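Remarks on the structure that follows.
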Amino acid sequence: MSNSFTTWQARFEKLRSNKFFEALVIAIIVISALVIGAKTYDETTKVEQWLLYLDIAVTIFFLIEILIRMAAERSLLDFFKKGWNVFDFLIVTASLIPMDDSEMVLLARLLRIFRVLRLVSMIPELQMLLSALVKSVPRMGYVVLLMFIIFYIYAAIGSFLFHNVDEGLWGNISLAMLTLFQVATFESWATAVLYPAMDVYPYAWIYFLTFIFLNAFIFLNMMIGIVLDVMQKESALLDLDNEEGDVAQMQGLRNDVRDLRAQLDRMEAALAQTPTAHSTARRNPR
């Protein structure tokens, strides 16, 4: 029984690591995303039944795929030790909610949207990018805090200086911060914000240019630098994991070759003893 389980586990593990199988899973995830997007068009009402069948087929495929990945592990606990496996399991389990006219139909549709995120769990490079983004958030928080302080100071100054220019833009500090956010994103800031202020205060350009220099160049580049630094570290960790995986694979191949050689040696020894046994039998007939 143990040998049979090990054999099937090895087969499932080989299937899970198969590049064609991984490509098929990625293709099905893309098809699932396209089905979800197609349902948002009114023109698809004519083929709504076919889309429902396709959604059911995708759900069944995901269920089989997650069962194969679970069976490929040596123990079920090893499967749930990985966060992405837990995420995939929850998404697939949530996809089993029936898409009927019940009160759960909206929840089921919302949960099916998150199946697109399974692309992240299937592609290590996307996992690295997402991990780098998450790990960058704490360090970026200090930059955001400093940006808020600069926004607040400039908004207070702008509210004091330009409130008589346009009450809708500079009437209070909240409106002034929203106006500065528009300036920081370069969304029609010159014609809507800069030129009206310069009509009243010709040197207003100094205020806006210094603000843009601080936010659009310094703080933005600081955030980019933080993300790039974390991405570089995550990429190094990913390369290290790949090297360890290759080493483990090579060690496994060496062990297999060693076992195969031992079996061949035993077979050669058995074949060498067989003629001796026959000759002894011929010399000493009964």
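The values are calculated or read from the model by the stated rules, or taken from the named source; none is laboratory data. In this text the structure is predicted, and so the values were computed from the model without any measurement. Note that each Cβ is placed from the backbone with ideal geometry, even for glycine, and that neighbours are counted across all protein chains shown. The accessibility values were calculated without ligands, DNA or RNA, using every heavy atom of the protein model including side chains. Shrake-Rupley method; radii C 1.70, N 1.55, O 1.52, S 1.80 Å.
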Just need the Rg to Rh number for region 138-232, please, alpha carbons only, Kirkwood Rh. 1.04
List, in order, the whole-Hz ³J(HN,Hα) value for each residue of region 141-158 obtained from phi through the Karplus relation with A = 6.51, B = -1.76, C = 1.60 and θ = phi - 60°; use x for Gly and Pro. x, 5, 5, 4, 4, 5, 4, 4, 4, 5, 4, 5, 5, 5, 5, 5, 5, x
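On the accessible surface of region 138-232, probed at 1.4 Å, how many percent belong to carbon and sulfur atoms?
Numbers: 4170 of 5610 Å².
The C+S portion of the solvent-accessible surface of region 138-232 is 74 percent.
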With N residues in region 78-190, Rg(alpha-carbon) / (2.2 N^0.38 Å) equals 1.72
Using a 1.4 Å probe, what is the accessible area per residue for region 138-232, in Å²? 59 Å²
Please report the equivalent ellipsoid semi-axes of region 164-216, computed as sqrt(5 x eigenvalue) of the Cα gyration tensor, largest first, in whole Å. 15, 14, 10
Mind ranking 52-65, 190-203 by how tightly packed they are, going by the mean number of other C-beta atoms within 10 angstrom, highest first? 52-65, 190-203
For region 110-159 versus region 35-86, the gap between their alpha-carbon centres in whole angstrom: 28 Å
Rank-order 230-236, 72-78 by packing density, defined as the average count of other C-beta atoms within 10 Å over each peptide's residues, highest first. 230-236, 72-78
